[in-house]
Amino acid sequence: MPVYILHGFRWPRDGFMGIRVFIVLHNIEEAAAEYLQQPLTSREVLKTFRRIEPEIMARIPEMHFIEQYDPDDLEGVSQPYAYVADKVITIPDKTMPENGLGRNVEEILKLGSELSEESSQALEELRAKYAEGEKIGWWVVYNGDPDRHFDEDEEEEEEEEEEEESEAASIDSRPRTAGSIMSRPRTAGSIFRREPREEKIPPVPPIPKEKLRHRLFGRKGA
C-alpha cells in the first residue's frame, strides 16, 4: 500500500483528450483505460506517446503513470484522474535503510531543482496537449493496491454463473407449449427450483392429411 510523491500533472479519464479517448483513438487494444498504472497498459501507452510525440518524449527520459486507488471504495471502478509524472518517490522506499518509511519534506522539495529545464518544458507541452488547465507540481498520491491482481478462476466462475442465469432466464421467458413442457431438459437447478404452475393445454385435434399437405406445399397450380 504505497504512497507516491510525484512531480507531474493529473490526466483526466474523460474528455476529448482524456485517457479513454486516447486509448480508443490510437487503437491500443491491450490497454486498460480504467487503470493506467497496470504494467502492460503503461508500456503500451508509453510506446504510443513515443511514436506520436517523439520530440517531447525524447526530453522526458523517465515518464510514469500513477493511479490513486482505495480498495475499500466499492462504488467506482476508477478515479477520474491518473497522474503523468517525470519524477516519482515511493513510500515505503525499499532502496532506503529501514525500508524508507518516511522522507523529509524539505529534501523532497529540493528534488525540484534537480529536474532539468528541458524535461520541465517537455512536461508542460504534454500537459498543454492532453490535460489543458491541469496544474504541474508535487502530488501525494495513495494507492492501496498497485498490482490490483484478480483471481482468474473466480472470474471464470462468475462468468459461468452469469451464463447459467442468462440461460435460465431465457428458458423461463419462452412461451409454454405442450411440446416445450415435455421436452425441457432437467438439471439439478431446475429440479430443486420452484417453478410457476403451468396451465393445462387442451389436446390439439389432428389435421387432415390433405390440409396438412396444402399448408406445407401449397395447393396445386398455386
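The values are calculated or read from the model by the stated rules, or taken from the named source; none is laboratory data. Source: prediction; values computed, not measured. Reconstructed Cβ throughout: ideal geometry from the backbone, glycine too, with neighbour counts over all protein chains shown. Each accessible area value is taken on the protein alone, full model and side chains, heavy atoms only, with ligands, DNA and RNA left out. Shrake-Rupley method; radii C 1.70, N 1.55, O 1.52, S 1.80 Å.
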**Complete:** Of those in region 25-76 that are out of contact with any Ser or Thr (no Cβ under 7 Å at 6 or more places or on another chain) and of a type in the set (Val, Ile, Thr), the residue nearest to PHE9 (Cα to Cα) is ILE66
**Request:** Take region 62-119 and flag every residue that is out of contact with any Gly (no Cβ under 9 Å at 6 or more places or on another chain), open to solvent by less than 60 Å² (accessible area, probe 1.4 Å), of a type in the set (S, T, N, Q) and not in a loop (DSSP other than H, G, I, E, B).
**Result:** SER119
**Prompt:** When both residues are 6+ apart or on different chains and their Cβ atoms are under 6 Å apart, which pairs have a first residue that lies in region 18-47 and is under 15 Å from TYR81 (Cα atoms), and a second that is part of a helix (DSSP H, G or I) and polar (S, T, N, Q)?
**Reply:** ALA32/THR41
**Message:** For region 40-57, give me each residue that is within 28 Å of GLN121 (Cβ to Cβ) and open to solvent by less than 80 Å² (accessible area, probe 1.4 Å).
**Reply:** THR41, SER42, GLU44, VAL45, LEU46, THR48, PHE49, ILE52, GLU53, PRO54, ILE56, MET57
**Request:** Kindly establish whether ARG43 is within 22 Å of the chain's Cα centre (by Cα), modelled with pLDDT of 95 or more and either more than 16 Å from ILE136 (Cα to Cα) or part of a strand (DSSP E or B) (or both).
**Result:** yes
**Message:** So, in region 1-38, exactly how many residues are modelled with pLDDT of 95 or more, β-branched (Val, Ile, Thr) and either closer than 15 Å to GLN68 by Cα or open to solvent by 60 Å² or more (accessible area, probe 1.4 Å) (or both)?
**Reply:** 2
**Message:** Could you go through region 58-80 and let me know if any residue there is farther than 14 Å from TYR4 by Cβ, among the polar types (S, T, N, Q) and modelled with pLDDT under 95.
**Reply:** yes
**Request:** Inspect region 48-58 for any residue being touching a strand residue (DSSP E or B) at 6+ places or on another chain (Cβ under 9 Å) and of a type in the set (Ser, Thr, Tyr) and give the result as yes or no.
**Result:** no
**Message:** Any residue that is small (Gly, Ala, Ser), assigned to a helix (DSSP H, G or I), open to solvent by 40 Å² or more (accessible area, probe 1.4 Å) and within 29 Å of ILE56 (Cβ to Cβ) - is there at least one of those in region 130-143?
**Reply:** no
